[in-house]
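What follows draws every value from the coordinates through simple rules; no lab data is involved. From a predicted model like this one, the values you see are computed outputs, not experimental measurements. Here the Cβ is made from the backbone with ideal geometry for all residues, glycine too, and neighbour counts use every protein chain on show.
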Amino acid sequence: MKAMPHAQNEVSPPMTDQMPQFDDRPILLVADDEEGSRASVRLVLKDLYNVLLVDNGRDAIELAKKHHISAAILDIRMGAMSGIDVLNGLKSVDPTIEVIMLTAYETLETARQALRLGACDYLTKPFEIPTLRQAVGTAMERHGVARAMRETNSLLTELQRDIEQQKFQQEVAESKSEIYSHVIHDINGPLTVISGFIESINQKLTDAKSLEGEKLDQLKDRLSRITRQVTNCVQMSRRYLGFLRASRSEEATAVSANEILADLKNLLWDHNAVSKHELTVEPFSEDVLVEADGTELIQILLNLTINACHASSKDGSSIAVRGRLHPEPVDIRAWTDRPGSRFINPEAFANKPPVVVFEISDHGSGIPPKILPRLFEPYVTATSPGRGTGLGLSIVRRLVEHAHGGIGVQTEAGKGTTFSVCLQARAGGG
């Protein structure tokens, strides 16, 4: 910006839309109802700073809202608005503004009050020029340091948010990758069976001159088994490709609750966290459609079930996953009005009947009371150190909120914990 003549930079005009322009030097605001005092400060400091002069506190605060003020000199006594009030006002606009109090009446209590409220110094009238220059110079240096620290903290906060978001996305990607690797594993099983049957059939066809009687029956049996295995592969492939397409297009989906529970059991049958425990997956008595993305629903149930296994330190502990259909709205007071309980996402939870509830229960040590309020925050965990990343439950929360569902938690020391995932069911579906 082109430097303006000093005379235009020293005194603020009346408070209008026409605001003064400044060069790149720091801005010093002087608020004093004595014209002689204002003129003295301007005369001493005009060669070092852009100087704004006002005769009342209200205008001083308004100027601070419109300009990047580095430091201010305030008279303690200014008519309707005291210097202490102006000090508070300036700090509320920008905490990094450094303030020097100026008074003709040196009282220890007033000085203490000003310093308590954030003033960096105070001077008495008449002031000595070297003392004034030094006080303002120190204030400008403090402002520069405070401004730099504030910007650094802002950058660090933004960086921390970016890191957390990247870790969250990585965890989601790894979870989906694990799901699809298990799906491929499940498809490979039937394909291996198919391959074996086909090899057997080819051998029999090569060796046999004719097919009849027992040989023909065996061939028909193998062909029937091949058909069933191929059907299973096609169904699994279509189901998960359908989940993936729906997730990408964000179209409304509904998935079979019992298919999801069956897939959950298959995905966990050889999982390290589950191998030392007794896992029971109890399907719905009658299948029901859940208004949710299939892959996200499996992620929710996987994370909660593995979390339950981690919470159960004793080998052979029972982990149960159950599905329940509620023809009426769920009474969330069962969680909000009881000790050791909480409910996540009550504001956005649709809770329109019918409602599907997936319950995941363990017989672990329970969740400590100091952890329970923060349980679904990133990097907060109630399990032993070294188990998991601390992101599992935060992912569960986001996915459940995305489905407009809710999560109830009920825990008791020494008896275990139950997570209840509440989601919308499709009326008349099943």
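Tabulated data
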| item | result |
| --- | --- |
| Sites Lys46 and Leu155, calculated FRET efficiency, Cβ-Cβ separation with R0 41 Å, nearest 0.05 | 0.75 |
| Note, ³J(HN,Hα) from phi for the stretch 67-80, Karplus 6.51, -1.76, 1.60, rounded to Hz, x at Gly and Pro | 10, 7, 7, 8, 8, 9, 10, 10, 6, 5, 10, 9, x, 5 |
| Computed E for Asp162/Glu141 - FRET, C-beta separation, R0 30 angstrom, nearest 0.05 | 0.40 |
| Spin-label model distance (nm) - His402 vs Ser285, 7 Å beyond Cα toward Cβ | 3.4 |
| Interchain or long-range residues, amide H under 5 Å from Asn56's placed H | Asp32 |
| Hydrodynamic radius by Kirkwood, which averages 1/r over all alpha carbon pairs of the stretch 252-424, in angstrom | 16.0 |
| For the stretch 367-378, Karplus couplings with θ = phi - 60° (6.51, -1.76, 1.60), whole Hz, Gly/Pro x | 9, x, x, 6, 8, 3, x, 10, 4, 9, 7, x |
| Rg followed by Dmax, in Å, when the stretch 282-323 is reduced to its Cα trace | 12.6, 36 |
| Linear extension gain, Ser318 paired with Gln113, 0.36 nm per residue minus alpha-carbon span | 67.4 nm |
| Cα pair count fraction exceeding 15 Å, expressed as % - the stretch 20-127 | 58 |
| Distance (nanometres) between label positions extended 7 Å along Cα→Cβ at Gln170 and Gln134 | 5.3 |
| Cβ-defined net charge surrounding Gly144, 13 Å radius [Lys, Arg +1; Asp, Glu -1] | +1 |
| Under 27 Å between alpha carbons - lysine pairs in the stretch 252-424 that sit 8 or more apart or on different chains | 8 |
| Inter-probe distance in nm under a simple model that places probes 7 Å from Cα toward Cβ, at Glu62 and Ala262 | 7.5 |
